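The values are calculated or read from the model by the stated rules, or taken from the named source; none is laboratory data. Given the structure is predicted, the values throughout are model-derived calculations rather than measurements. All Cβ positions, glycine included, derive from the backbone under ideal geometry; neighbour counts span all protein chains shown.
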Amino acid sequence: MKALVAEKFPQADKIKLFFGCPDTEYDHKCSSRQYAHALHLKNIICVCQAFEKLPTKNKFGIFLHEFGHILGSPDEDKADDFIEKHFKIYIAYTGRKELQEV
Ligand SMILES: [Zn+2]
Ligand SMILES: [Zn+2]
């Protein structure tokens, strides 16, 4: 997934995942559909431990959404628009928790 994004945006290659950011653990406890955030640490997508257990389609959806924040915009909708525009991938929000999926 990162390779796909980095093909168009080489700076994405520097982006790393950080498991167990205390803020994501806290956010996930408060709102069960919160698994990740970007823009907290430079070039880092923070994810909570529970992220690992998600289905692949949701993991990819969340990744892409967070990439959209880092490379595109801090705005929620604009982050998804950025991915759709540059990668022709539509990020859907489905299921009980309305999680991102692709
Ligand atoms: Zn964080
Ligand atoms: Zn977001």
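Some observations on this one:
- A residue that is surrounded by fewer than 18 Cβ atoms within 10 Å (Cβ to Cβ), within 16 Å of ligand 1 (Cβ to nearest atom), within 11 Å of the chain's Cα centre (by Cα) and on the phi < 0 side of the Ramachandran plot occurs somewhere in the range 15-25.
- Residue among Leu39, Leu54, Leu71 that alone is among the aliphatic types (A, V, I, L, M), without any contact (Cβ under 8 Å) to a residue 60 or more places away in the chain and more than 11 Å from ligand 2 (Cβ to nearest atom): Leu54
- Among the residues of the range 42-51, those identified as away from ligand 2 (no atom under 16 Å from the Cβ) and closer than 24 Å to Tyr93 by Cβ are Gln49, Ala50.
- Filter pass, Ser73 being more than 14 Å from the chain's Cα centre (by Cα) and either at pLDDT below 95 or surrounded by fewer than 19 Cβ atoms within 10 Å (Cβ to Cβ) (or both): no
- Answer residue from the range 6-36, given it is small (Gly, Ala, Ser) and touching a residue at least 24 places away in the same chain (Cβ under 8 Å) and is farthest from ligand 2 (Cβ to nearest atom) among those: Gly20
- For the range 76-102, a residue qualifies if it is on the phi > 0 side of the Ramachandran plot and surrounded by 15 or more Cβ atoms within 10 Å (Cβ to Cβ), but none of them does.
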